[in-house]
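Here's the structure we're looking at; comments come further down.
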């Protein structure tokens, strides 16, 4: 069984051990709308914007092909592109940073 | 042709058909630590009890050169036999014949033995060792899988269904085991996944080994798909045999009684739990101190181990045990432990196995990950399963029973027939610390010495509420008992509950929060 820890529930500290799954939990981070990451691993087929471009909400930023489907990745809100980190043909992994807004 | 010659020829034909994929393929199988299909069956069954059927069934596929291929038994062995005297229907896929691939004839052999199992009212055991669908047979192969899934579902809760994964079990094939009651896996031999490492690599670019993706350890510890893990096939078969002794043949019967045995000496129930509710201990020691021969047969021991489930006996009668495990995650309920317990409770209820619940938990696990993973939806399953169950339900509150956790763990309010509590039980809305901090928040903040005042209020709350007596005074607890009276109270409760009847309003089926 996993490592010894204290677990606090309703202000009380319990001596216990934790499961591997519990130990590997990622702390919660709120979604950052200024960073666009790959929601699935795949290949970049097209990039429609460049650094400095102002984009509308819903405007297509790039095309990420995965599972034989060309997925349009759209802007979540109106913004200015700060940097594009990928080019057509790049293979990207899940969660990889693709593009940043100002 | 003389009679003798005909009989002789028949033996020759049988030898050919039982030769499987031939000596080379069998040698390869054995080199991987795997037994050939028939040896597996005879290793599980009582000696001399295996009777094989459909030995001469073969495929009728004409495409892709299949008309010229003869596949002995079409890659699966089916029959009936006995395990420690209990009759079972059994099938084993034969990897040495066309990789154990599933074509229509192969599937029809399996569905035939499944139909037998349901009609005869005896358990079904399936041994999976197959590369998957027989591609040459196309949609007929898919039809075969679908017909198996359909029967697994209709047989669910009617006869016990056991799956033993002894080789690859990939793609659609995984769903037959997933629909059965108990899945056995063996280290380095079992491999289960929907899409294999090759596909994951080409499609997604993620690299993972077969073992890391869906090996025995992963299925037993991470995914919770498997119920029993072992190091070798023979160890696995011993587990299968033991399981069969705890469960009935079908849903109209009860498990065969065993000779009554006392718990083993040395299991002293009086000294197991620490007095402080924040200190851990192994709840399995309590179970062993109470049950026959101190023999507790744990299920899913490696997964969601903050709850413990398994079979034991009281005076020879099979019982299902559910217990919070303070040693792991303080024994909290969370997504996985709720799923684990709920499924086990439903198995016991379907097969007339009384439920004994041992309670010691601080509540549900806090955290964003739990909320986002749907702890509301999953946690509801345990409430549903306990409330729905009509088998005798007996609850023993050992120590903490706080808040929603108290309600969920087979409280009187969810229909427990008997609720006993040890003198160490604390039945309350929450732990004294948390409660005092909320009730006296303003007073604590205003006090000259907030810390001393808070401690005093915690002590007061503990004195007043952290005991079994308020619950007992309200009739939510039937008896406060000394730990060493636990076995006697449980044995008596089980004994007098033999004829328990509890009816439910008629309905097609409920809608559990799947």
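The values are calculated or read from the model by the stated rules, or taken from the named source; none is laboratory data. Worth saying up front: this structure is predicted, and the values here are computed from it rather than measured. Reconstructed Cβ throughout: ideal geometry from the backbone, glycine too, with neighbour counts over all protein chains shown.
Filter the stretch B:359-372 for residues that are surrounded by fewer than 24 Cβ atoms within 10 Å (Cβ to Cβ) and more than 10 Å from chain A (Cβ to nearest Cβ) and give the result.
The answer is none; no residue qualifies.
Any idea how many residues of the stretch A:10-20 are surrounded by 16 or more Cβ atoms within 10 Å (Cβ to Cβ), in contact with a strand residue (DSSP E or B) (Cβ under 8 Å, 6 or more places away or on another chain) and either assigned to a strand (DSSP E or B) or more than 7 Å from every other protein chain (Cβ to nearest Cβ) (or both)?
Matching residues across the stretch A:10-20 total 4.
Residue A:23: within 14 Å of chain B (Cβ to nearest Cβ) and more than 12 Å from residue A:92 (Cβ to Cβ), yes or no?
Here the answer is yes, as residue A:23 does meet what is asked.
Condition test on residue B:486, is it surrounded by 13 or more Cβ atoms within 10 Å (Cβ to Cβ), under 21 Å from residue B:313 (Cα atoms) and touching a helix residue (DSSP H, G or I) at 6+ places or on another chain (Cβ under 9 Å)?
Yes.
Any chance you could count how many residues in the stretch B:201-227 are part of a loop (DSSP other than H, G, I, E, B), touching a strand residue (DSSP E or B) at 6+ places or on another chain (Cβ under 7 Å) and surrounded by fewer than 17 Cβ atoms within 10 Å (Cβ to Cβ)?
1
Do we find a residue being closer than 14 Å to residue B:100 by Cβ and either over 33 Å from the mean Cα position of the chain (by Cα) or surrounded by 13 or more Cβ atoms within 10 Å (Cβ to Cβ) (or both) anywhere in the stretch B:9-19? Explain how you work it out, then say what you get.
Quick first cut of the stretch B:9-19, residues closer than 14 Å to residue B:100 by Cβ only: none.
No, because not a single residue in the stretch B:9-19 is closer than 14 Å to residue B:100 by Cβ and either over 33 Å from the mean Cα position of the chain (by Cα) or surrounded by 13 or more Cβ atoms within 10 Å (Cβ to Cβ) (or both).
Answer yes or no as to whether residue B:396 is more than 14 Å from chain A (Cβ to nearest Cβ), within 40 Å of the chain's Cα centre (by Cα), within 28 Å of residue B:272 (Cβ to Cβ) and surrounded by fewer than 22 Cβ atoms within 10 Å (Cβ to Cβ).
On the way: more than 14 Å from chain A (Cβ to nearest Cβ): yes; within 40 Å of the chain's Cα centre (by Cα): yes; within 28 Å of residue B:272 (Cβ to Cβ): yes; surrounded by fewer than 22 Cβ atoms within 10 Å (Cβ to Cβ): no.
So residue B:396 does not fit the description; no.
Do the conditions hold for residue B:501, that is, is it more than 30 Å from residue B:439 (Cβ to Cβ) and part of a loop (DSSP other than H, G, I, E, B)?
Yes, satisfied.
Just wondering, is there one or more residues in the stretch B:270-282 that are modelled with pLDDT of 95 or more and within 26 Å of residue B:501 (Cα to Cα)?
no
Restricting attention to the stretch A:82-102, which residues are within 11 Å of residue A:34 (Cα to Cα) and assigned to a loop (DSSP other than H, G, I, E, B)?
Listed by number, the list holds a single entry, A:102.
Just the residues that are touching a residue at least 40 places away in the same chain (Cβ under 8 Å) and more than 22 Å from residue A:15 (Cβ to Cβ), please, taken from the stretch B:321-347.
Of everything in the stretch B:321-347, those that are touching a residue at least 40 places away in the same chain (Cβ under 8 Å) and more than 22 Å from residue A:15 (Cβ to Cβ) turn out to be B:322, B:335, B:338, B:339, B:340, B:341, B:342, B:343, B:344, B:345, B:346, B:347.
Keeping to the stretch B:80-106, report how many residues are over 27 Å from residue B:258 (Cβ atoms) and outside any loop (DSSP other than H, G, I, E, B).
Total satisfying the criteria: 10.
Quick check on this structure: which one of B:319, B:307, B:345 is within 14 Å of chain A (Cβ to nearest Cβ) and buried (at least 23 other Cβ atoms within 10 Å of the Cβ)?
Of B:319, B:307, B:345, the one residue that is within 14 Å of chain A (Cβ to nearest Cβ) and buried (at least 23 other Cβ atoms within 10 Å of the Cβ) is B:307.
Tell me, yes or no, whether the stretch B:237-248 has at least one residue that is more than 24 Å from residue B:88 (Cα to Cα), crowded, with 19+ Cβ neighbours inside 10 Å and away from chain A (no Cβ under 14 Å).
Scanning the stretch B:237-248, I find no residue that is more than 24 Å from residue B:88 (Cα to Cα), crowded, with 19+ Cβ neighbours inside 10 Å and away from chain A (no Cβ under 14 Å), so the answer is no.
Counting only residues that are in a loop (DSSP other than H, G, I, E, B) and buried (at least 17 other Cβ atoms within 10 Å of the Cβ), how many does the stretch B:181-200 have?
Qualifying residue count, the stretch B:181-200: 5.
Regarding residue B:230, is this residue in contact (Cβ under 8 Å) with a residue 40 or more places away in the chain, over 17 Å from residue B:309 (Cα atoms) and surrounded by fewer than 22 Cβ atoms within 10 Å (Cβ to Cβ)?
Judged against the criteria, residue B:230 is a match.
Being more than 14 Å from chain B (Cβ to nearest Cβ) and either touching a residue at least 40 places away in the same chain (Cβ under 8 Å) or not in a strand (DSSP E or B) (or both) is the filter here, so list the residues in the stretch A:62-81 that pass it.
If the condition is that a residue be more than 14 Å from chain B (Cβ to nearest Cβ) and either touching a residue at least 40 places away in the same chain (Cβ under 8 Å) or not in a strand (DSSP E or B) (or both), then A:75, A:76, A:77, A:78, A:79 are the ones that fit.
The conditions are (1) at the interface with another protein chain (Cβ under 10 Å from one of its Cβ atoms); (2) outside any strand (DSSP E or B), and residue A:5 fails exactly one of them. Which is it?
Only one criterion in (1) at the interface with another protein chain (Cβ under 10 Å from one of its Cβ atoms); (2) outside any strand (DSSP E or B) is unmet by residue A:5, namely (2).
Within the stretch B:423-434, which residues are crowded, with 22+ Cβ neighbours inside 10 Å and not in a strand (DSSP E or B)?
Result: B:425, B:430, B:431, B:432, B:434.
Any residue in the stretch B:401-421 that is surrounded by 18 or more Cβ atoms within 10 Å (Cβ to Cβ), within 14 Å of chain A (Cβ to nearest Cβ), at pLDDT below 95 and assigned to a helix (DSSP H, G or I)?
Within the stretch B:401-421, one or more residues are surrounded by 18 or more Cβ atoms within 10 Å (Cβ to Cβ), within 14 Å of chain A (Cβ to nearest Cβ), at pLDDT below 95 and assigned to a helix (DSSP H, G or I).
If I ask for residues that are surrounded by fewer than 14 Cβ atoms within 10 Å (Cβ to Cβ) and farther than 15 Å from residue B:96 by Cα, which ones from the stretch B:39-77 would you list?
To start, the set of residues in the stretch B:39-77 that are surrounded by fewer than 14 Cβ atoms within 10 Å (Cβ to Cβ) comprises B:47-48, B:51, B:56, B:60, B:62-65, B:67-70.
Answer for the stretch B:39-77, where residues must be surrounded by fewer than 14 Cβ atoms within 10 Å (Cβ to Cβ) and farther than 15 Å from residue B:96 by Cα: B:47, B:48, B:51, B:56, B:60, B:62, B:63, B:64, B:65, B:67, B:68.
Could you tell me whether any residue of the stretch A:32-52 is loosely packed, with under 12 Cβ neighbours inside 10 Å and either within 10 Å of chain B (Cβ to nearest Cβ) or at positive phi (or both)?
yes
Select from the stretch B:249-288 the residues that are under 25 Å from the mean Cα position of the chain (by Cα), within 30 Å of residue B:468 (Cα to Cα) and away from chain A (no Cβ under 14 Å) and list them in ascending order.
B:263, B:285, B:286, B:287, B:288
Note down all Cβ pairs under 6 Å where the first residue falls in the stretch B:179-204 and is at negative phi and within 11 Å of chain A (Cβ to nearest Cβ), the second is surrounded by fewer than 17 Cβ atoms within 10 Å (Cβ to Cβ) and modelled with pLDDT of 95 or more, and they're at least six residues apart or on different chains.
none
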